[in-house]
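Reading through the structure tokens given below for one structure.
The values are calculated or read from the model by the stated rules, or taken from the named source; none is laboratory data. This one's a predicted model, so the numbers in the text were calculated from it and none came from an experiment. With ideal geometry, Cβ positions are generated from the backbone for all residues, glycine too; neighbour counts draw on all protein chains shown.
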Ligand SMILES: [Zn+2]
């Protein structure tokens, strides 16, 4: 199967998230794209914000905005009904369930597999394209005409994350107390601990430095 190439606005989204974590309010562009796979970026649309679990995809409009920000469609014009929105949220939770099971070394729950397999039925069919004399086989993605393919694209990416040869690179951010983000560890040493240095890595460094300073003061 051929997964469509995704172009996300990773750095912009990251700075948006930093602003959110600092205490701003959720708006159209406040999504994070640091999962290394669009299915993990979907899972990461629920975040812990000021100590509260926050869903960034509460409406079909928000989902349209996320689709555009994730590079799945050129604009936020995809017509999405409440039914499809509900199914994307259901798929998101199934992907989360599958990924966390894998990270914890457990079997993927049957209900999560059922939701993923149902969505896999909507994988877009491929078509031949000819550009500048080069012939390529690409998925036929038209979210305006056939919004169901969205479920197929996301499920296909998730299936490749949990069953492909990158499955052992799936990680949960080490900052368990205030971060729920998932990502693919693509570092050569396979030692990435944080969703990002900017967010949780530096927070950890500052906390560790503070703890060392306090214990030094106590010892003196
Ligand atoms: Zn984190």
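Observations on the structure shown:
- For the stretch 146-160, the criterion of being in contact (Cβ under 8 Å) with a residue 60 or more places away in the chain, within 16 Å of the ligand (Cβ to nearest atom), within 19 Å of residue 41 (Cβ to Cβ) and outside any loop (DSSP other than H, G, I, E, B) is satisfied by no residue at all.
- When 103, 89 are screened for being more than 16 Å from the ligand (Cβ to nearest atom), surrounded by fewer than 19 Cβ atoms within 10 Å (Cβ to Cβ) and within 15 Å of residue 43 (Cβ to Cβ), only 89 passes.
- Residue 130 away from the ligand (no atom under 16 Å from the Cβ), outside any loop (DSSP other than H, G, I, E, B) and surrounded by 12 or more Cβ atoms within 10 Å (Cβ to Cβ): no
- Residue check, residue 195 in contact (Cβ under 8 Å) with a residue 24 or more places away in the chain, under 30 Å from residue 84 (Cβ atoms), surrounded by 15 or more Cβ atoms within 10 Å (Cβ to Cβ) and within 16 Å of the ligand (Cβ to nearest atom): yes
- Among the residues listed as 144, 165, the single one being exposed (fewer than 14 other Cβ atoms within 10 Å of the Cβ) and under 20 Å from the mean Cα position of the chain (by Cα): 165
- One residue alone among 213, 207 is within 16 Å of the ligand (Cβ to nearest atom), surrounded by fewer than 17 Cβ atoms within 10 Å (Cβ to Cβ) and either modelled with pLDDT under 95 or in a loop (DSSP other than H, G, I, E, B) (or both), and that residue is 207.
- Taken as a whole, the stretch 169-190 holds at least one residue that is more than 9 Å from the ligand (Cβ to nearest atom), at pLDDT 95 or above, farther than 18 Å from residue 53 by Cα and part of a helix (DSSP H, G or I).
- Only listed residue being within 23 Å of residue 171 (Cβ to Cβ), loosely packed, with under 15 Cβ neighbours inside 10 Å and modelled with pLDDT of 90 or more, chosen from 83, 41, 37, 55: 55
- Condition check for residue 93: within 19 Å of residue 60 (Cβ to Cβ) and either out of contact with any strand residue (DSSP E or B) (no Cβ under 8 Å at 6 or more places or on another chain) or part of a strand (DSSP E or B) (or both): yes
- Meets criteria (at pLDDT 75 or above, closer than 25 Å to residue 51 by Cα, out of contact with any helix residue (DSSP H, G or I) (no Cβ under 8 Å at 6 or more places or on another chain) and in a helix (DSSP H, G or I)) for residue 200: yes
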